[in-house]
Amino acid sequence: MVGIRFLSHTRQRLPTIYSMVTPRAKSAVSVIRVSGDKAQYVYRKLTRRDDVPRSRQACLRGLYNGDNELIDRALVLYFKSPGSFTGEDVVEFQVHGGRAVSESVLSAIGSLNNRDQDVEIRMADRGEFSRRSFLNGKADLTGLEGINTLINADTEAQRRAAMGSFTGKNKALFNRWRDIAIQNSAQLTAIIDFSEDSDFADEYTAVMAEVRQELMGLRTEIGNFIARVTKASIVENGINMTLLGAPNVGKSSLLNQIASDDISIVSDIPGTTRDIVSSIVNINGYKVNLFDTAGIRVDTTDPIEKMGIEKAFKRIGSSDICICVIDGTQPLPLNVLDLLKSSDLSGSEIIFVVNKIDIVDDSCKLSKIQQYIGNNLTGCKICFVSCLKSTGIDELVTVLTGKFKTLTQNEENEDPIIVSDRVKEILEKDVLYGIDQFLQIQDDMHDIVIATEHLRYVIDGIGKITGEVIGLEEVLDVVFSKFCVGK
């Protein structure tokens, strides 16, 4: 295994930092973290005790301000360096969640700052605890970015997509890619260094073919990874889903059923929804941007209603899924279906939802609706529901969930992967660029130096992703471990 050097700066004593690590809102408990070489000092000053708790053992302590007034009784945890998140001494105070309590504790910690006595304590900057974790070798950049992504996950799909970075799975993958690039770079470097030996020159063509084959496989693997990352943008930003239909068919009622909230105005007056009503909902763990459009009446003379219909079809064109709602008690809205057939909806999956089935007096009517849609708009799923009775809603959600999976998974049914924009950009502009440039090199021994430089793009690019530096000597280590050079 090739050695690793983290991008750490020359070690110098950093100020002790502190901050709340829970939201600044009224709650049962608030947590305040202190990290640095003065963490024990802060503990002693606030608790008025000389003893320090055993590492990782909770204890109950009174916390006092500079006037020796009791602020609160807190559960205190001490983490001795390097066995903490930051790698430094860390103390965490779990206090009652009232804002006044938290502010008083923060103020008491801040008052201990005294540079004249070599006590430097300040509020932490954004992400500074994580920064110190990285600088102290406790975590790599992908893992820390994974934590941030996990914190920002609002849905189950987003949580699953963030786990690759959080658990270190992505880092292991990046390290394997880097090792492949280093091993192949080592083979080419050996030829450069020992090109005076005719045996090396004779083997160049065979070695280059072998390296090219491995790099082609690596490019395919990285390309598939990036495709899964691209799919994740749908998970992060939300699946766009539009409701369409004639007036008073129950579109707004259906939206409220799916969203479990009264988002749209529900009325018996046709054309109640004049503009697009949008909402963000969580459907079976997926973030969905729902759009309820104006009721479509082709023969309307109302200019405002016409404008709403135009907006509706523009919205459908940019949607991932379109739900066309039909009133099962009324004749088929052929004008709406004709508009759907004549519109460019190639990028949108259409699902027909037949509503009000609880008051349909002729079951044959539902069969005719299904037959007509099947004959004229092939490939469209049809669901039968009653928004009033909540009948068929669960089945509709199941159908939608299947569509969501299709939109977010690749051809191998693998879940999407969320990584930072930084990682995606490096993979595309450094790593893949280096591989593509290498693959364009002809089998000419005079180009071998250029070929190794392109591999350097790949190696350094992956190093930038994880925060690790790969130096030339590491490539040489691999060279000498594989060849008995004797020089």
Boolean, Asp51 is farther than 24 Å from Arg132 by Cα, part of a loop (DSSP other than H, G, I, E, B) and over 31 Å from the mean Cα position of the chain (by Cα): yes
Residue in the stretch 384-394 that is in contact (Cβ under 8 Å) with a residue 24 or more places away in the chain and in a helix (DSSP H, G or I) present: yes
Residue match in the stretch 357-369 (condition: buried (at least 17 other Cβ atoms within 10 Å of the Cβ) and touching a helix residue (DSSP H, G or I) at 6+ places or on another chain (Cβ under 7 Å)): yes
Test: residue in the stretch 385-396 that is under 18 Å from Asn240 (Cβ atoms), among the aliphatic types (A, V, I, L, M), outside the structural domain of Thr155 (by the TED database) and surrounded by 15 or more Cβ atoms within 10 Å (Cβ to Cβ): yes
Selection count where residues are under 19 Å from Phe85 (Cα atoms) and loosely packed, with under 15 Cβ neighbours inside 10 Å, scope the stretch 116-130: 4
Test result for Ser133, assigned by the TED database to the domain that holds Arg48 and touching a residue at least 40 places away in the same chain (Cβ under 8 Å): yes
Positions within the stretch 322-335 being crowded, with 21+ Cβ neighbours inside 10 Å and either among the hydrophobic types (A, V, I, L, M, F, W, C) or under 19 Å from Ile239 (Cα atoms) (or both), in sequence order: Cys322, Ile323, Cys324, Val325, Ile326
Residue satisfying condition, being under 29 Å from Lys138 (Cα atoms) and buried (at least 21 other Cβ atoms within 10 Å of the Cβ), within set Val34, Val29: Val34
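Considering Ala201, Ala190, Ala209, which residue is in a helix (DSSP H, G or I), modelled with pLDDT of 85 or more and among the small types (Gly, Ala, Ser)? Show your work before the answer.
Details: Ala201 fails: modelled with pLDDT of 85 or more; Ala190 fails: modelled with pLDDT of 85 or more.
Answer to the check: Ala209.
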One residue from Val211, Val207 being in contact (Cβ under 8 Å) with a residue 24 or more places away in the chain and either in contact with a helix residue (DSSP H, G or I) (Cβ under 7 Å, 6 or more places away or on another chain) or not hydroxyl-bearing (Ser, Thr, Tyr) (or both): Val211
The stretch 431-457, subset more than 18 Å from Ala190 (Cβ to Cβ) and surrounded by 19 or more Cβ atoms within 10 Å (Cβ to Cβ), residue modelled with the lowest pLDDT: Tyr457
Residue in the stretch 145-166 that is of a type in the set (Phe, Trp, Tyr), closer than 30 Å to Lys405 by Cβ and surrounded by 19 or more Cβ atoms within 10 Å (Cβ to Cβ) present: yes
Candidate set: the stretch 25-48, residues that are touching a strand residue (DSSP E or B) at 6+ places or on another chain (Cβ under 9 Å) and of a type in the set (A, V, I, L, M, F, W, C); chosen: the one farthest from Arg132 (Cα to Cα): Ala28
Subset of the stretch 402-430 (residues that are among the β-branched types (Val, Ile, Thr) and either surrounded by 14 or more Cβ atoms within 10 Å (Cβ to Cβ) or farther than 30 Å from Ile350 by Cα (or both)): Thr408, Ile417, Ile418, Val419, Val423, Ile426
Selected residue (criterion: modelled with the lowest pLDDT) from residues of the stretch 320-372 that are closer than 22 Å to Asn248 by Cβ, in contact with a Leu (Cβ under 9 Å, 6 or more places away or on another chain) and in a loop (DSSP other than H, G, I, E, B): Val360
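The values are calculated or read from the model by the stated rules, or taken from the named source; none is laboratory data. Because the structure is predicted, anything quoted here is derived from the model rather than measured. Cβ sites come from the backbone with ideal geometry, for glycine too, and all protein chains shown count toward neighbours.
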